[in-house]
């Protein structure tokens, strides 16, 4: 697995803004640890207290080989590229009516990675007024696909029908 | 001498005629001053204001003057005739009295002459009585001739005076008739002028009144039209405002009901959605976004 494949693997696990921040945090922690603790570089030990278990396991899976423990130049290139790729990821803001659960996050992220691109992470926001569906903000553009908007559109499109129901002849 | 003349019948007649003539002239002067105050005799006659009333009064006054003139003329004629008769009677009486006086005087003279002749010529044998009688007859005839001559002269004089009076009266009558004709002519002129003035005034007034009424009608119609237009505009505007207000209120009520329906729908929908429903709606939102090119444009960049 070369560096690119490893980076893609890590990016693949970055679904949300929080996970992205964790990855960035992990990169920072690992870089600092590498410089201070030369010779002994236990990723699992370092990350266990700093990032989530999930992120820690990803990094352990990708950079478990000794070359990243001893060869600082190689590890620097890797972290540098990884950081660059993480920072290059584009956010997709999704406002929901409810707090997204893991299943929802996974399903949405999979769809975005598959249909839009692998360099996108989701920024979930909550607003009960949307009722359902989502309000999307991407690359500076906004679009309302919420249930509230659909409901309003539906009512306005059938306003006369609604009125005829209000004023039955 | 003057008193004797006035006491004589002829003097009385002449004096009476003069007095009547002076009275007539005074009456004429006064009548002109009365009917045409302020108008100089001979000045052009201009119809005064209120000419109709004046004409009517002038006509009545002229008729009254005519009747008075005729009456006075008749009285004068009667008086003249009576005066003539009286003069004739008094002349006859005077002549008879004079004849008697003269006869008596002649008889006395004759007796005195007879006495003188008797005393002077008593001795003669002339038939003086016959002579005297003869002379008396001759003298009486002469006297009678003189008296007749005087009577004829007096009669001629009276006749002349009577003719003069009659002529004067005739002249007065003619002049009065001329005055009356003049009055009538003036009345006609006044009447004609008044008719013209009246017609002109009536025509002008009618024209003015007609024009005024026409203008008034036009003004009223214009004002009516303006008011009707204004009323129509106001009514239309008011109706429009009422309709708009009603529509606005209905719209607001409808909107309120509409929003209530939406609100209820949202509340009901929001509370009845399951987590799976939310997932489906999120995926559907992403699919719709992709279908509308929400992501595509950015990818091309």
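The values are calculated or read from the model by the stated rules, or taken from the named source; none is laboratory data. In this text the structure is predicted, and so the values were computed from the model without any measurement. Here the Cβ is made from the backbone with ideal geometry for all residues, glycine too, and neighbour counts use every protein chain on show.
Inspection of segment B:273-283 finds a residue satisfying the criterion of being in contact with a strand residue (DSSP E or B) (Cβ under 6 Å, 6 or more places away or on another chain), part of a helix (DSSP H, G or I) and under 17 Å from residue A:100 (Cα atoms). Within segment B:254-267, one or more residues are part of a helix (DSSP H, G or I), modelled with pLDDT of 80 or more, more than 9 Å from every other protein chain (Cβ to nearest Cβ) and surrounded by 11 or more Cβ atoms within 10 Å (Cβ to Cβ). Could you say whether any residue in segment B:191-198 is surrounded by 10 or more Cβ atoms within 10 Å (Cβ to Cβ), in contact with a helix residue (DSSP H, G or I) (Cβ under 7 Å, 6 or more places away or on another chain) and in a helix (DSSP H, G or I)? The answer is yes, given that some residue of segment B:191-198 is surrounded by 10 or more Cβ atoms within 10 Å (Cβ to Cβ), in contact with a helix residue (DSSP H, G or I) (Cβ under 7 Å, 6 or more places away or on another chain) and in a helix (DSSP H, G or I). The number of residues in segment A:1-21 that are over 9 Å from the mean Cα position of the chain (by Cα) and part of a loop (DSSP other than H, G, I, E, B) comes to 2.
Quick check on residue A:79: is it in the same structural domain as residue A:16 (by TED's automatic domain parsing), surrounded by 13 or more Cβ atoms within 10 Å (Cβ to Cβ) and either at pLDDT 90 or above or under 21 Å from residue A:6 (Cα atoms) (or both)? It is true that residue A:79 is in the same structural domain as residue A:16 (by TED's automatic domain parsing), surrounded by 13 or more Cβ atoms within 10 Å (Cβ to Cβ) and either at pLDDT 90 or above or under 21 Å from residue A:6 (Cα atoms) (or both).
Kindly check whether there is at least one residue in segment A:143-151 that is in contact with a strand residue (DSSP E or B) (Cβ under 8 Å, 6 or more places away or on another chain), loosely packed, with under 15 Cβ neighbours inside 10 Å and more than 28 Å from residue A:82 (Cβ to Cβ). Looking through segment A:143-151, none of the residues is in contact with a strand residue (DSSP E or B) (Cβ under 8 Å, 6 or more places away or on another chain), loosely packed, with under 15 Cβ neighbours inside 10 Å and more than 28 Å from residue A:82 (Cβ to Cβ).
For residue A:84, the requirement of being assigned to a loop (DSSP other than H, G, I, E, B), more than 10 Å from chain B (Cβ to nearest Cβ) and closer than 21 Å to residue A:7 by Cβ is not met. Screening A:141, A:107 for residues that are in contact with a helix residue (DSSP H, G or I) (Cβ under 7 Å, 6 or more places away or on another chain) and facing chain B (nearest Cβ under 10 Å) leaves exactly one candidate, A:107. Only a single item in (1) at pLDDT below 95; (2) more than 9 Å from chain B (Cβ to nearest Cβ); (3) surrounded by fewer than 16 Cβ atoms within 10 Å (Cβ to Cβ) is not met by residue A:125, and it is number (1). Condition first: farther than 30 Å from residue B:176 by Cα, modelled with pLDDT of 75 or more and in contact with a helix residue (DSSP H, G or I) (Cβ under 6 Å, 6 or more places away or on another chain). Can you find one or more residues in segment B:121-136 that meet it? No; the residues of segment B:121-136 include none that is farther than 30 Å from residue B:176 by Cα, modelled with pLDDT of 75 or more and in contact with a helix residue (DSSP H, G or I) (Cβ under 6 Å, 6 or more places away or on another chain).
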